[in-house]
Each structure stands twice: as structure tokens, then as C-alpha cells.
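Since the structure comes first, as C-alpha cells, the remarks are kept for the end.
The values are calculated or read from the model by the stated rules, or taken from the named source; none is laboratory data. Everything quoted here is computed from the prediction, not taken from an experiment. Counting neighbours? That spans all protein chains shown, and the Cβs are built from the backbone with ideal geometry, glycine included.
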């Protein structure tokens with residue numbers, strides 16, 4: 001797992017920003033998909049620059065969607081927990097899509113192309129690649145640029161991060177909960193499925 005100590009100085013900046021936004025009245029905007037009244041809720045707290053988060057998404061999310069989410073058995077929630085500025089901006093791009101299905105498709109694409117955009121320290125170049133990914137996902141360039149500059153979206157994401165840290169005491173990403181129990185088994189669908197099936 002990717003420890004929070006990585007990108008120390010960027011995290012200090014993010015922490016400072018969260019202190020500014022902590023008093024806002026903005027509500028959480030976790031990305032959700034599936035039956036709102038499902039018996040089982042899977043929450044994943046992720047940083048989009050985290051390779052282990054990308055691996056979890058690639059190995060588990062698609063099969064989880066096919067076997068449980070689309071059958072109204074599981075509700076899935078992606079919670080933003082950005083560990084650096086690039087991850088924060090990637091979250092803003094994801095939320096530029098108009099609905100949950102499109103957002104999760106864009107989330108998948110961003111994870112799939114993580115090794116292309118989440119490299120180096122040139123945030124301008126990273127943003128350009130993120131915008132290109134959004135364009136390839138049928139979003140308009142001007143809309144994507146506006147999303148990157150959207151301060152309210154940034155406030156929502158950082159507030160979500162604060163709330164997650166307070167409630168779940170997150171020390172690494174991804175942190176996964178199935179209902180109220182932390183998932184600590186292998187990041188493979190077979191192991192994940194076993195935990196889901198125990199609750200059915």
C-alpha cells in the first residue's frame with residue numbers, strides 16, 4: 001500500500017488547504033454507483049496517483065460491478081483521498097462527467113492510464129494529459145479546463161478527505177470497507193467475493 005508519508009511536502013500543502021475549507025458547509029460528494037438501498041456497501045478510499053488503488057480497481061471493480069452492483073446487491077462508493085496535487089486534479093476531472101456511470105468510466109480510464117499521466121512533478125503537463133483523457137472520453141476541452149479551475153469542487157474533495165480521515169483514521173491507500181468492516185485480505189476478486197458472499 002502507498003503510505004501517506006509519500007509526497008510529504010505536497011501533503012503539507014493539502015493539509016493547509018483543508019484547514020481553510022474545514023469550516024465550509026459543503027456536503028460530501030463521494031462517487032456512488034448501485035442500489036442506494038443495497039444490503040452491502042463497499043467504500044474505497046483512494047488516491048488516483050496510488051498504483052495499489054489502480055490495481056485494486058482493475059482487478060476487482062469490473063467483476064464486482066458485473067456480479068453484484070448491476071444486480072442491485074452492492075452499492076459501491078469511491079471516496080477521494082488525494083495524496084498529492086495530481087490526484088486532486090484527477091478527481092476534479094472525474095467529477096466533470098455528468099452522471100455516475102460516466103464518472104466511473106472516466107475513473108477507470110484514469111486508473112488504466114495512470115502510468116502515462118501520474119509521472120514527474122510538472123503539474124501543467126499532468127493537467128494537459130488529464131484533459132486529453134477527458135477529451136477522449138467525449139468531454140469538451142473548455143468544460144474540463146473549467147473543472148480543473150473549479151474551487152468549489154476542490155473544496156468538496158478536500159472536505160471529503162478530512163471527513164474520511166476523522167471517521168476512518170486512514171493511514172494508507174486504498175483503504176476499503178465492506179459495510180462497517182475494514183477489508184484487509186488479498187487484492188484479488190476471489191478473496192473479495194468471499195467477504196461479500198458472507199454477508200448475503
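A compact table of results
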{"item": "Within the range 170-200, considering residues that are without any contact (Cβ under 8 Å) to a residue 60 or more places away in the chain and assigned to a helix (DSSP H, G or I), the one surrounded by the most Cβ atoms within 10 Å (Cβ to Cβ)", "result": "195"}
{"item": "From 105, 65, 159, 166, residue being in contact with a helix residue (DSSP H, G or I) (Cβ under 6 Å, 6 or more places away or on another chain) and under 21 Å from residue 50 (Cβ atoms)", "result": "159"}
{"item": "Extreme residue, farthest from residue 119 (Cα to Cα), among residues of the range 68-91 that are in contact with a helix residue (DSSP H, G or I) (Cβ under 7 Å, 6 or more places away or on another chain) and part of a loop (DSSP other than H, G, I, E, B)", "result": "81"}
{"item": "Filter result (in a loop (DSSP other than H, G, I, E, B) and under 13 Å from the mean Cα position of the chain (by Cα)) within the range 92-109", "result": "95"}
{"item": "Within the range 150-200, tally of residues that are out of contact with any strand residue (DSSP E or B) (no Cβ under 7 Å at 6 or more places or on another chain) and on the phi > 0 side of the Ramachandran plot", "result": "1"}
{"item": "Leading residue by the ranking (surrounded by the fewest Cβ atoms within 10 Å (Cβ to Cβ)) among those in the range 67-91 that are more than 10 Å from the chain's Cα centre (by Cα) and closer than 21 Å to residue 137 by Cα", "result": "89"}
{"item": "Residue within the range 2-9 that is at pLDDT below 50, part of a loop (DSSP other than H, G, I, E, B) and touching a strand residue (DSSP E or B) at 6+ places or on another chain (Cβ under 8 Å) present", "result": "yes"}
{"item": "Every residue from the range 31-55 that is under 15 Å from residue 196 (Cβ atoms) and in contact with a helix residue (DSSP H, G or I) (Cβ under 9 Å, 6 or more places away or on another chain)", "result": "34, 35, 38, 40, 42, 43, 44"}
{"item": "Any helices (runs of 4 or more DSSP H) falling wholly within the range 110-160 and containing at least 3 residues that are over 16 Å from the mean Cα position of the chain (by Cα) and surrounded by fewer than 13 Cβ atoms within 10 Å (Cβ to Cβ)", "result": "123-136"}
